[in-house]
Every structure is written in C-alpha cells, then in structure tokens.
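Here's the structure we're looking at; comments come further down.
The values are calculated or read from the model by the stated rules, or taken from the named source; none is laboratory data. Since we're looking at a predicted model, the values are computed, not measured. Methodologically, a virtual Cβ is constructed for each residue, glycine included, from the backbone with ideal geometry; neighbour enumeration extends over all protein chains shown. Please note that ligands, DNA and RNA were not included when accessible areas were found on the heavy atoms of the full protein model with its side chains. Shrake-Rupley method; radii C 1.70, N 1.55, O 1.52, S 1.80 Å.
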Amino acid sequence: GTIAKSGTSEFLAAAQDGSSVDTSHLIGQFGVGFYSAFLVADTVVVTSKHNDDKQYIWESDASSFSIVEDPREDEQLGRGTRVSLYLKEEAQDFLEQDKIKDLITKYSEFINFDIYLYTSKEIEVEEEAEEADDEEAAGDATEEDDVEVDEEDEEGTPEGEPEKKTTTKTVWDWEIINANKPIWTRSSKEVEKEEYSKFYQAFSKDSKDPIGHIHFTAEGEVTFRSILFIPPEAPTNFYNEYGKTGDNIKMYVRRVFITDEFDDMMPKYLAFIKGVVDSDDLPLNVSRETLRDRKST
C-alpha cells in the first residue's frame, strides 16, 4: 500500500509553484505517522481520559472507526492516553524485548521524555526464603507435629545456619531505555570532559575514550548543533574499504533519528569521524531531496 508514502518533495514543489507562502511547516501534521501503525497492526485502540471529561475508546481497523465511552471501571486511566496495537501475524517479532529495545535506541534514544519498557530478568533467590513463605501460607501445623519437628531439630540438626540453596527466578519491572541524554543541546562550556567520554562510549559502543572532539552550533538557512569525535583507533579494514559510505554520522531532527546514510557529509579521508547532527528547523519526515537541496545541511 501507500499509507506510509511521504510526498514531501511533491508537496513542497506544488506549494512553491502555487503560492509564495511558506507551507513547509505543514508537512508531518496530517497523521501519517500514526496511521502507519496499521502496517503492523490489524486493530489500533486508543484509550484517553481528560481531567474534566469521561474516558473514551477510539478503535479502528484502518477501514472504519468507532468512539465509545469506556464502561470498564477497572481500566480507568485517571488521566492520559494509552495506545494498544493488536499486531498482525507476520509482525509478532515486534513483541520481542530485544526488537523493541533496538527500535527505541535507534530512533528515539535522545528525545526529551523517558521511555520505559516492561522487561524481565532472572535473579538468584534463596530457596529457604521461598519455603518459609509457603509454610506460612499453608497455615499452622498441629501441636503434635510441632513437637515432633522440634525433637528432630534438637536431635538431628547440627548447630549453625543450614546450607543455603539458591534458585533462579524471573522478575518483571519497568526499565528506562533512553537513558543516554543529548548533551549537544547544551553549551560546550557546560559539558565536562567526562560527560563527552561517557556519551561517546554509549553512542559508539566503544569501550575507550575518544582522542578528541568538537562541539559546535552552525547558523544559516538551517541551524543545527553537532558533536564530532575522533575515535581512539582506526576502523577495521579502513584502507581496504576506502571510499565506501559509512554510518558514523547520524542525523537527528528534534532529537529523533532520521538517517545515517550520507554520501557527501564528510570527505572520504575523514570517514572514520563519528558524531551527531541535530536540527530543530527541519520537518521530522524530511526527504533526501530536501537535504540535498539545502546545501547548508
């Protein structure tokens, strides 16, 4: 289908031919991003509650929709909005924790609000503690049984604490995924050297500190902020793959990842440079044609 097709370049061309008014700010305001949810979901349900109104449910299968008052007393949000996607059979991989983490890290790692994911992890717990809880839940034993147990303990249990055994238990909790903050939005005078190093390591997945960096703001037709790093070591096969397009420079618009595919962002002999470029002046669905036409980017 064409639901996710962005007619950015065609829209700009038509707007410029038909009127002298700048309409580029309208791009991305028509809900295409939301309706792209139907690429992976058969049904989308939006539950929303305003402070001064009742809770409502909007439900759609892309061909029709309905809006009803939410009758579920145990599902009241109090305030806010919840979006539920009922995934298609071929899109079940989006339920995997690693898949969701990768998507959030790639596209929304540096947005201003925190994103939490309900994740599971395995921990080691003492079996003795679990057994004690089970005994307490089972109820009190008879007086005769208590006497027998006490006698056995006095005769057969050696002095000192019993040997502790552990077992693996799965626990669930909310985990913040985008903990890495966009330090390039701050003035370079406010950022410490240790912060640059930590940011570089988290951003590049490198365990070593960079040799150097440059943090700057450029103003022109498009204003953007950037931090560029010199890695501590040259990439593997750097000379053998000289001239190939890399993904070391990542472009963001208002902290949302857009692309890392550039042919002429950096000279070929500087392809080892890593960093970010972020602009508040471009639309979120900016096209490659727009980037190419605006030479200042």
Enumeration of residues in segment 224-251 that are closer than 26 Å to Ser108 by Cα and modelled with pLDDT of 85 or more: Phe224, Arg225, Ser226, Ile227, Leu228, Phe229, Ile230, Pro231, Ile249, Lys250, Met251
List pairs: first in segment 193-206 and touching a residue at least 60 places away in the same chain (Cβ under 8 Å), second open to solvent by less than 100 Å² (accessible area, probe 1.4 Å) and not in a helix (DSSP H, G or I), Cβ under 6 Å, 6+ apart or cross-chain? Tyr200/Pro210; Tyr200/Phe229; Ser204/Lys274
